């Protein structure tokens, strides 16, 4: 557990002190949400109806921005090699780095979503549901994203390729996240079942991702 | 006692066996396809769909192969990761573009059938969406493989992705059962389809499967030959290069 916590603390500290990555992601999130009403027209009823979808999709795109750097930085300065040859199993390293990405990127973006909801005239009653689905669903994005970041580490066009790989896998997360939020907003459907499925997807990704990331990194470290 | 997959692991033996198998498969595929197309063309119109039911004879086999090809990719990838089977990577690489083509064919024919059937080319129904995701997955596999220079590494990384993508298969298969949306559930070639339409469909399914196997085998042979040509070329370059001076330290 100690190497896990040490690595988690190190990655979080790096993310905090760098700051640029998170700032860019948050700025991007704000811009995407702000630019959509310009394209769709300022119809407040329409905006509040599609607000959960917009907030989810824009968050997904913003979280994608920071994925390519997840293992790249450590690969460039050689610390990934140190981690791979160290005592801690590579699976644990992968879990710590994915968790660090979730805490340093996905959680701040999720906390920002309610404020952006104001711009889209999102019904106030839907705020707890929105926050709950985002916090509950984004682990899937960070952990699945870690798999794709590890797979494309040696690829010649990493950044673009990551989006191509992550987006199909995040469709179930997106569907259930939006379903649960919309259910509360419109009051026509139940919040429970889609939310449970969303949590299930997150849990399964948290279990599978470290194994896949470790396998992918091992192939590339050889 | 060697298992069949172990005996096939020798590429030379594989080339021999597949070489004799190829003409048989091509002839069989052509004959089945001709027979199936004839039956499909002469099949009576459906009482609900009219003549558009003929799209089914292409749509259903393509959709079926779209998933079977993924099964090929996933099984081969598993064989590569777990057993390090030398031909597994060749098989996975050959099956991915074929699967992508059949998936696209299923999507296009389904869309053409949707217009007269449902009144729209596309709906965001569970089955359609999940097949579209399968198509993206195929594209991802092809793109990941082509973006990594080291071929052995590319094969193994693509295999990891392919094995993870297996979660999509049950979702596609049961999407029409779990979420009852527009696309009807499979009748499973069952008795609810009239024999006059069921037989052409079965023949077409067999024809498409044989065609897939023939193309898969052909693509595998091409890939093996390409790898041989590449290693021969590298050996040639190595030989023609002027001998480097021995290092002073040695």
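Throughout, read-outs are computed from the coordinates displayed, never taken from laboratory work. Just so you know, these numbers come straight off a predicted model, no measurement behind them. No Cβ is skipped: glycine too gets one built from the backbone with ideal geometry, and neighbour counts run over all protein chains shown.
Per-residue ellipticity at 222 nm computed for chain A from its helices equals -28000 deg cm²/dmol, with DSSP H segments shorter than 4 residues left out and the rest contributing -39,500 (n - 2.57).
Taking only the C-alpha atoms, wrap a convex hull around the protein assembly as shown and report its volume per residue in Å³ as a whole number. Could the numbers behind the result be given before it?
Numbers: hull volume 102.0 nm³, N = 472.
Here the figure is 216 Å³ per residue.
Considering only alpha-carbon pairs that sit under 8 angstrom and 6 or more positions apart, the relative contact order computed for chain A is 26 percent. In terms of overall dimensions, the stretch A:2-220 has a Cα radius of gyration and Dmax of 17.7, 58 angstrom.
For peptide A:207-216, the mean count of partner chain Cβ atoms within 10 Å of a residue's Cβ comes to 2. Against chain A, whose longest principal axis comes from its Cα atoms, helix A:107-119 is set at around 20 degrees.
So if we plug the beta-carbon distance of residue B:239 and residue A:218 into 1/(1 + (r/R0)^6) with R0 = 35 Å, what FRET efficiency do we get, rounded to 0.05?
On the way: r = 35 Å, r/R0 = 0.99.
Efficiency at R0 = 35 Å is approximately 0.50.
Take each residue in B:153-161, count the other chain C-beta atoms within 10 Å of its C-beta, and the mean is 5. When only alpha carbons are used to place a centre, the stretch A:1-37 and the stretch A:142-209 end up 18 Å from one another.
Legend: translational diffusion of the stretch A:115-191 by Stokes-Einstein, Rh = Kirkwood radius over C-alpha pairs, 20 °C, 1.002 mPa s; D = 153 µm²/s.
Between the helical axis of A:127-151 and the longest alpha-carbon principal axis of chain A there is an angle of about 30 degrees. Between the helical axis of A:44-65 and the longest alpha-carbon principal axis of chain A there is an angle of about 10 degrees.
Report the full-extension gain for the segment residue B:198 to residue B:82: residue separation times 0.36 nm, less the Cα-Cα distance, to one decimal in nm.
Numbers: separation 116, 0.36 × 116 = 41.76 nm, distance 3.99 nm.
Contour length minus the Cα-Cα distance gives 37.8 nm.
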